[in-house]
Amino acid sequence: MKWYKRLFWKIFLAIWSVSFLVLLATVCVVGIVTEQDRFREVVTAKAEGYADLMIERYERKGFRTLLPVPPRSPKRDYERDRRDHDDRRGHERDHPDWKRSIWLNVAKRVAITDVELNRRVVAIINRPSESDDHYSFTMSSERGRLYQVDVDLNWERSPYGHLMGKILSAQMVLILLVSSLGALLVSAIIARPLKLLGEHTQAIYRGELDARTDAKLRKRGDELGELARDFDRMADYVQQTITSHQRLMQDVSHELRAPLARLQAAAGIAEQRLGEDDKTVARIMRESQRLDQLIGEILSLSRLEQMDVAGDKNWLGLLLQEWIDDAHFSFPQREFDLQMLSDCEVNVNAKLLERAINNILGNACKHTPEDTKIDLIVTKATDCEIRIRDYGDGVKEEQLSQLCDPFYRGDSQREGYGLGLSIAQRAIQRLGGDLALRNHPDGGLEAIITLPCATRC
């Protein structure tokens, strides 16, 4: 499973994203309103102090304007110089740093007019029009002269970067850090118990019927604790059901063995009296043997759950070669081709694995012509993989999922009870592996066995 599909990260990202968006919206909405109010208050207060200073300087200079006057060239007329001056000021307003300088320097937001002389005293920018956002007030100097002060309060000239600085401030980073820790905590509180429940479920699937949840998890008073208790009740029911089912199969099989033995003894006596050529006696003996084999298969299937899956470490190549030799002895006309593309070491019960491999090989030998070979290919990546392929006709696609069901024989009319692949699949699952069946693209049925390696690569 990919990391971003895990419930832990989904919960974490959801909580963190919501926290971040709420903080961002709060800063943008509330921050802009408060920033505008603060901006007007700061600029107005600075403008009053600046105007008082400029008026005092203006009167001290003998009522000479403080407007900057560029030097006039003797070879250029006055109107042309003024147009050049206005063009330079227009370019200055279009410069990207101009808005920043307007924010930082209140002198570029203030225009002062001498009311008595009707003359501009101080103005770096043009006087704001009535449609602009501005603030006007009058001031009286110590000499009793009246002045009008116009202050540019255009918010568009304020730095939005200043607002972004607040978003990236230490307080905001701290809030996001705390929300991240809270998201991690909530994710761990929810995801960790679910992961433990998943591990217990996998244990029961592997045949560990006595697996139960942790005591701490069961004692929780929330929904997760209730889920853990329900899981344990379900596990108890499953264990009791499977155990009783296994005990029933074993008891029935053992009970059948006694009358079967008496039936075989009676058939032997009848054979002695009637002769070996008697068809009725021969039929009784043949059916008795089939019934004995069936009982043995049922007992083997029921005993799988009681077998220990642990074992010694063994190299798979040596085990397979030994089992292929045994299969070749049972089917001397059959050709077995073992290809060890990569050997691996497994830590499993060799007897349990041998039962699974022999059942798959026996099933392939029974359902394919004798002149066809059987391939065994071993590869290793994360896990060890064994591919067993025959060169028969394969099976119908809709029957593949049922081949491992107990007593399912499909369209086969050959001898057998439909338990071989069921025993093989259950044995491999008990070993922590998996068995998959498919029709090979080039023909024949292929069984793919996956087993965990003793040492991960």
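The values are calculated or read from the model by the stated rules, or taken from the named source; none is laboratory data. All values derive from a computational prediction rather than experimental measurement. Positions of Cβ are backbone-derived with ideal geometry, glycine not excepted, and every protein chain shown enters the neighbour counts.
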Residues of the stretch 346-401 classified as under 35 Å from the mean Cα position of the chain (by Cα), small (Gly, Ala, Ser) and surrounded by 19 or more Cβ atoms within 10 Å (Cβ to Cβ), total: 1
Evaluation of residue 317 against (1) modelled with pLDDT under 80; (2) among the small types (Gly, Ala, Ser); (3) touching a strand residue (DSSP E or B) at 6+ places or on another chain (Cβ under 9 Å) (one fails), failing number: (1)
Test: residue in the stretch 390-412 that is at pLDDT 85 or above, assigned by TED's automatic domain parsing to the domain that holds residue 375 and hydroxyl-bearing (Ser, Thr, Tyr): yes
Tally, over the stretch 191-241, of residues that are among the acidic types (Asp, Glu), at pLDDT 85 or above and more than 26 Å from residue 432 (Cβ to Cβ): 2
The one condition in (1) at pLDDT 80 or above; (2) surrounded by 12 or more Cβ atoms within 10 Å (Cβ to Cβ); (3) closer than 30 Å to residue 188 by Cα that residue 284 fails to fulfil: (3)
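Every residue, every condition in (1) touching a helix residue (DSSP H, G or I) at 6+ places or on another chain (Cβ under 7 Å); (2) modelled with pLDDT under 80; (3) within 22 Å of residue 149 (Cβ to Cβ), yes or no:
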site	(1), (2), (3)
5	no, yes, no
9	yes, yes, no
19	yes, yes, no
28	no, yes, no
37	no, yes, yes
45	no, no, yes
54	no, no, yes
57	no, no, yes
71	no, yes, no
In the stretch 97-156, the residues that are at pLDDT below 80, within 20 Å of residue 49 (Cβ to Cβ) and among the hydroxyl-bearing types (Ser, Thr, Tyr): 101
